[in-house]
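Let me begin by presenting the structure, written as structure tokens, before commenting on it.
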Amino acid sequence: MTGLTAVLARLEAGHDRILAELVEFASIPSVSTDPAHAADVHAAAAWVAAKLKAAGPLTVKTMATPGASVVYAEWLGAPGAPTALIYGHYDVQPEDPVELWQSPPFQPTLRDGRLYARGVSDDKGPMLIPIKVAEAFFAVQGRLPVNVKFLIEGEEEIGSRHLEAFVVQHGELLAADVVISADGAMWRIDEPSLTVANRGLAGLELTLRGAAKDLHSGRHGGSVANPLHAMARLIASLHQPDGRVAVAGFYDRVRELSPAERADISALPFDEAVYLNQVGATAAVGEPGYTTLERQWTRPTLEVNGMWGGYQGPGQKTVVPSEAHAKITCRLVPDQDPDEVVALVVRHLETNVPAGARLTIRPADHGARPAHIARDHPVLKAAASALEATYGVAPLIVRMGGTVPIAEIFQRLMGLDTVYFSFSTGDEDFHSPNEFFRVHRLHEGLAAWARLWDGLGGEAAP
């Protein structure tokens with residue numbers, strides 16, 4: 001039995017044990033955005049550190065930041081082999097709305113081959129996989145095929161707000177040849193895929209104020225500005241009727257796709273009617289001149305994420321509210337800059353404030369630039385080989401419409417490219433009620449990570 005074959009056999013024999021560990025991990029309500037869960041976030045960091053220590057001769061540190069701790073581990077016992085910085089996160093999104101969950105969000109429940117729990121797909125299941133692969137290599141071979149450094153953070157779901165400063169402070173410690181991210185998700189469940197680009201993010205919150213207090217709509221309606229009316233007009237001004245963003249300068253830095261890139265996207269197996277049925281929409285809309293996948297992956301967007309104000313209780317309350325609010329985010333593509341895009345949107349909003357309303361804007365406390373990796377990167381090729389050996393077909397090369405801040409941070413500060421090697425998929429309802437992780441994807445991920453490390457270490461996978 002070859003070394004890799006023995007490692008794969010050990011991982012297969014440990015499937016039930018590893019699943020039980022994931023159940024334990026997903027039971028920790030490590031919601032990073034809610035201060036009430038600070039102790040749970042700390043408990044999740046301690047759980048990860050303990051699993052890394054138990055995996056084998058890794059040097060493990062729990063390193064403080066002004067927010068949640070970073071769990072760091074390393075093993076550098078493979079001279080001549082590349083060094084991979086393994087990224088993941090142990091924090092999760094809030095569970096709201098709880099009433100829409102079929103089972104309690106922090107009581108992991110198995111149904112039809114799926115494990116349901118908040119954070120189980122994003123990112124606790126995928127993040128656990130490389131830890132258990134390291135454990136298997138140490139148990140079978142006493143070593144790893146590659147040098148590894150683990151960086152597991154607890155603030156990804158709030159924008160990795162302290163990660164950039166951590167990377168700057170600990171750049172020498174984190175030095176590596178490539179980042180392999182356990183976060184990121186594959187495109188679809190029916191084809192393996194590798195992601196070569198993701199969009200960036202910028203956001204802001206705005207408030208419109210009219211009168212100094214809520215007013216009786218019979219006595220004062222029609223004589224003073226209604227902030228809700230004003231907000232509707234202001235938000236509507238952000239887009240042209242055809243769906244193109246109307247903010248001056250918004251597209252100035254956007255890097256257009258080459259004909260070859262458009263052809264590659266067009267060749268992917270994508271059925272728009274099936275997609276619309278899956279999401280429950282009646283038609284595809286957006287910037288004209290681009291396909292749905294091009295708009296999702298390669299074009300910038302401006303989305304209103306929330307609008308509120310006035311009376312929202314049962315029945316009627318006849319008031320002209322004094323305030324209205326909205327939250328906006330923009331997804332960015334190369335070569336857009338988050339701060340510049342926020343400035344452009346702010347200028348547009350300030351220029352178009354309806355009469356009688358006063359505008360206050362608060363930019364989001366973090367942004368992220370877009371990132372990409374070259375299609376011929378050697379680690380991307382090794383990842384493709386590992387997936388093909390696991391699934392029997394070559395993976396699709398796709399892009400990501402979402403944002404993973406770490407890719408741009410490592411690219412800009414350390415010159416490191418990021419290979420996404422997650423085994424969650426985009427349909428697993430992360431950030432929504434009833435998030436789940438397919439159990440077979442846990443097992444497939446274990447095998448693929450083992451093959452990837454083995455391939456990077458120079459041995460041929462069976």
Quick check: is even one residue across the range 415-430 over 16 Å from His377 (Cβ atoms), part of a loop (DSSP other than H, G, I, E, B), β-branched (Val, Ile, Thr) and under 22 Å from the mean Cα position of the chain (by Cα)?
-> no
State whether the residues of the range 221-231 include one that is farther than 30 Å from Trp187 by Cα and of a type in the set (S, T, N, Q).
-> yes
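Taking the condition of being part of a helix (DSSP H, G or I) and either surrounded by 22 or more Cβ atoms within 10 Å (Cβ to Cβ) or in contact (Cβ under 8 Å) with a residue 60 or more places away in the chain (or both), how many residues in the range 23-47 meet it? Show your work before the answer.
To start, the set of residues in the range 23-47 that are part of a helix (DSSP H, G or I) comprises 23-26, 35-47.
Those still in the list that are either surrounded by 22 or more Cβ atoms within 10 Å (Cβ to Cβ) or in contact (Cβ under 8 Å) with a residue 60 or more places away in the chain (or both) too: 23, 25-26, 41, 44-45.
Number of matching residues: 6.
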Kindly establish whether Leu452 is at pLDDT 95 or above and within 23 Å of Leu174 (Cα to Cα).
-> yes
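Go through the range 195-206 and give me each residue that's within 15 Å of the chain's Cα centre (by Cα) and not in a loop (DSSP other than H, G, I, E, B). Outline the logic, then answer.
At the first step, the residues of the range 195-206 found to be within 15 Å of the chain's Cα centre (by Cα) are 195-202.
Result: Thr195, Val196, Ala197, Asn198, Gly200, Leu201, Ala202.
Criterion first (aliphatic (A, V, I, L, M) and either farther than 22 Å from Arg438 by Cβ or surrounded by 19 or more Cβ atoms within 10 Å (Cβ to Cβ) (or both)) does Ala13 satisfy it? Steps first, please.
Numbers: aliphatic (A, V, I, L, M): yes; either farther than 22 Å from Arg438 by Cβ or surrounded by 19 or more Cβ atoms within 10 Å (Cβ to Cβ) (or both): no.
No: the conditions fail for Ala13.
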Gly313 meets each of (1) in contact with a Cys (Cβ under 6 Å, 6 or more places away or on another chain); (2) over 21 Å from Ala371 (Cα atoms) with one exception, condition (1)
Given Glu99, Glu95, Glu74, which one is modelled with pLDDT of 95 or more, assigned to a helix (DSSP H, G or I), out of contact with any Asp or Glu (no Cβ under 7 Å at 6 or more places or on another chain) and not aliphatic (A, V, I, L, M)?
-> Glu99
Okay, strands (runs of 3 or more DSSP E) sitting entirely in the range 312-411 with 3 or more residues that are of a type in the set (Ser, Thr, Tyr) and either more than 30 Å from Phe250 (Cα to Cα) or at pLDDT below 95 (or both), I get none
Could you please tell me which pairs satisfy a Cβ distance under 6 Å, a separation of 6+ or placement on different chains, a first residue in the range 350-371 that is closer than 28 Å to Arg199 by Cα, and a second residue that is of a type in the set (Val, Ile, Thr) and surrounded by fewer than 18 Cβ atoms within 10 Å (Cβ to Cβ)?
-> Thr360/Thr207; Ile361/Val346
Members of the range 163-181 found to be buried (at least 21 other Cβ atoms within 10 Å of the Cβ) and of a type outside the set (A, V, I, L, M), listed by number | Phe166, Ser181
Across (1) assigned to a helix (DSSP H, G or I); (2) surrounded by 13 or more Cβ atoms within 10 Å (Cβ to Cβ); (3) out of contact with any Lys or Arg (no Cβ under 8 Å at 6 or more places or on another chain); (4) not polar (S, T, N, Q), Ala260 clears everything bar (2)
Taking the range 207-232 on its own, how many of its residues are crowded, with 22+ Cβ neighbours inside 10 Å and assigned to a strand (DSSP E or B)?
-> 1
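Yes or no, residue by residue, for (1) farther than 16 Å from Asn198 by Cα; (2) touching a strand residue (DSSP E or B) at 6+ places or on another chain (Cβ under 9 Å); (3) hydrophobic (A, V, I, L, M, F, W, C):
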| residue | (1), (2), (3) |
| --- | --- |
| Gly392 | yes, no, no |
| Ile397 | no, yes, yes |
| Gly401 | no, yes, no |
| Met414 | yes, yes, yes |
| Asp417 | no, yes, no |
| Thr425 | no, yes, no |
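The values are calculated or read from the model by the stated rules, or taken from the named source; none is laboratory data. No experiment lies behind these values; they were computed from the predicted model shown. Note that each Cβ is placed from the backbone with ideal geometry, even for glycine, and that neighbours are counted across all protein chains shown.
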